[in-house]
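Enquirer: I have a structure I would like to understand better, so I am pasting it below and will then ask my questions one at a time.
The values are calculated or read from the model by the stated rules, or taken from the named source; none is laboratory data. Computed from a prediction, not measured in an experiment: that's the story for all the values here. Glycine gets a Cβ as well: all are built from the backbone with ideal geometry, and neighbour counts include every protein chain shown. Each accessible area value is taken on the protein alone, full model and side chains, heavy atoms only, with ligands, DNA and RNA left out. Shrake-Rupley method; radii C 1.70, N 1.55, O 1.52, S 1.80 Å.
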Amino acid sequence: MDLENLTSVSELVLLGFSSDPQTQKALFVVFFGFYIITCVGNALIIIVTITNTSLQTPMYFFLTNLSILDIIYSTTNVPKALKDLMSLRKTISFAACAAQMYISLALGITECFLFAVMAYDRYIAICHPLHYVTLMTNMLCFRAAISTWACGFLFSFIQITTTINVPTCGHNVMNHFFCEGPGYLSLSCGDNFINDAIRFILCVIILMIPVCCIVISYIRIIRSIVKLSTSKSRGKAFSTCASHIMAVTLYFGTCSAMYMKPQSYYFPENDKIVATFYIIVTPMLNPLIYTLRNREVSSALRKCTLTK
């Protein structure tokens, strides 16, 4: 095979969800609505937690980080997808595709580690309430947040460096609505064993280690809750964790379905639906989950609205 045929293409075509104009218009309306809710909902959480002194605690500091992540995460992918839904020519340059893959994966990985940190915060708050203030200091929270972002961009760099160097043999039509590793690897005409091995190892680190930390934290939390004397105190303790459990289950479930499998099991139509959940749906639901299940945030939002 000629070396010229192994070079990467300079432009890629994204097939998106459908070629039917009516379907594209309907999807545009739905996705645009989801995107607006995502940005407004997460922005409100950021504003409320920053301006309300009663919410300036480690739990809400990490929630603010999650909201910032979700806004950037959605903005990295959704506007381009919306533009393509209303365009006849759905193309993206190789450089823009690589940047989108890198940023999306970095933010996704950061969110995985952030969920683990949030679980640890709940563990300390419920299992060691008397030592919470001394253990969860502002400096520790700041370092934990910085570490999650740093790990996200570092692991993403390792993964993307290997992904974008696969030979595509001139193939440039990607059956996806945004640039993502599994979709790009489907264009490869070479052996993906090394990429599969690297991705599996990274997925174990990125997905399984945070999941294990979360599970261990909640096992200990449940043990502590069961020991509480009254049903009211048990219900109050559990309510502080319910929102986090819902968000974690939805996010890690869909991410695992996409990344914890060999490239040979990549099915574009199914995987596009799965990707929609952690790219579009989950960032929209996170503010709703945390505000509906959290009385403090709901109360602060109502006060903010009434004040205005």
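Enquirer: What does the net charge come to around SER156 if you take all other residues with beta carbon closer than 14 Å to its beta carbon, with K and R at +1 and D and E at -1?
Expert: Once positives and negatives cancel, what remains is -1.
Enquirer: Tell me the Kirkwood hydrodynamic radius of the stretch 148-273 in angstroms, computed as one over the mean inverse distance between distinct C-alpha pairs.
Expert: It is 17.2 Å.
Enquirer: Between the helical axis of 295-307 and the dominant principal axis of the chain, each derived from Cα atoms, what acute angle in degrees is found, rounded to the nearest 10?
Expert: Taking the Cα atoms of the chain, the angle to 295-307 is about 90 degrees.
Enquirer: Using a Gaussian network for the chain with springs between C-alpha atoms less than 10 Å apart, which of these wobbles most: ILE160, ILE146, ILE109?
Expert: Between ILE160, ILE146, ILE109, it is ILE146 that shows the largest mean-square fluctuation.
Enquirer: Once the dipole of the stretch 74-127 is set up with Lys and Arg at +1 and Asp and Glu at -1 on Cβ about the Cα centre, which of ILE109, THR91, ALA81 lies farthest towards its positive end?
Expert: My answer, from the dipole projection, is THR91.
Enquirer: Find how much the distance from MET246 to VAL215 grows on full extension, using 0.36 nm per residue of separation minus their present alpha carbon separation; answer in nm with one decimal.
Expert: 9.8 nm
Enquirer: Pick from LEU44, LEU15, LEU228: which residue has the top mean-square fluctuation in a GNM of the chain where Cα pairs under 10 Å get a spring?
Expert: In this elastic network of the chain, the residue with the biggest mean-square fluctuation among LEU44, LEU15, LEU228 is LEU228.
Enquirer: Quantify how much of the Cα-Cα distance distribution of the chain extends past 28 Å, in percent.
Expert: Of the Cα pairs, 43 percent sit more than 28 Å apart.
Enquirer: GNM on the chain, C-alpha springs below 10 Å: top fluctuator among LEU82, LEU140, LEU250?
Expert: LEU140
Enquirer: If you take all C-alpha pairs in the stretch 54-151, what percent of them are over 17 Å apart?
Expert: 59
Enquirer: A further question on this structure: Divide, for the stretch 13-71, the radius of gyration over alpha carbons by 2.2 N^0.38 Å, where N is the residue count.
Expert: For the stretch 13-71, the normalised Cα radius of gyration comes out at 1.62.
Enquirer: Next question. Where does the charge balance sit around ASN192 when Lys and Arg score +1, Asp and Glu -1, over other residues with C-beta under 14 Å from its C-beta?
Expert: Neighbourhood net charge equals 0.
Enquirer: Here is a follow-up. Would you mind counting up the charge near MET136? Only other residues with Cβ under 13 Å from its Cβ, with Lys and Arg at +1 and Asp and Glu at -1.
Expert: Summing Lys and Arg as +1 and Asp and Glu as -1 gives +1.
Enquirer: In whole percent, and with a 1.4 Å probe on the protein chains, what portion of the accessible area of the chain is carbon and sulfur?
Expert: Percent of accessible area from carbon and sulfur atoms in the chain: 70.
Enquirer: Round to the nearest 10 and give me the degree value, 0 to 90, for the angle of helix 94-127's Cα axis relative to the longest principal axis of the chain.
Expert: Long axis of 94-127 versus the principal axis of the chain: about 20 degrees.
Enquirer: Can you find, among ASN195, PHE31, THR49, the residue farthest towards the positive end of the dipole of the chain? Put +1 on the C-beta of Lys and Arg, -1 on that of Asp and Glu.
Expert: Positive-most Cα among the choices belongs to THR49.
Enquirer: Using a 1.4 Å probe, what is the accessible area per residue for the chain, in Å²?
Expert: Per-residue value: 49 Å².
Enquirer: Determine by what factor the alpha-carbon radius of gyration of the stretch 125-192 differs from 2.2 N^0.38 Å, reporting the quotient.
Expert: The stretch 125-192 yields a ratio of 1.88.
Enquirer: Stokes-Einstein D for the stretch 1-100 at 37 °C, 0.692 mPa s, Kirkwood Rh over Cα pairs, in µm²/s?
Expert: Stokes-Einstein gives a translational diffusion coefficient of 202 µm²/s.
Enquirer: To the nearest 20 debye, what is the magnitude of the charge dipole of the chain about its Cα centre, counting +1 on the Cβ of each Lys and Arg and -1 on the Cβ of each Asp and Glu?
Expert: Taking the Cα centre of the chain as origin, the dipole is about 1700 debye.
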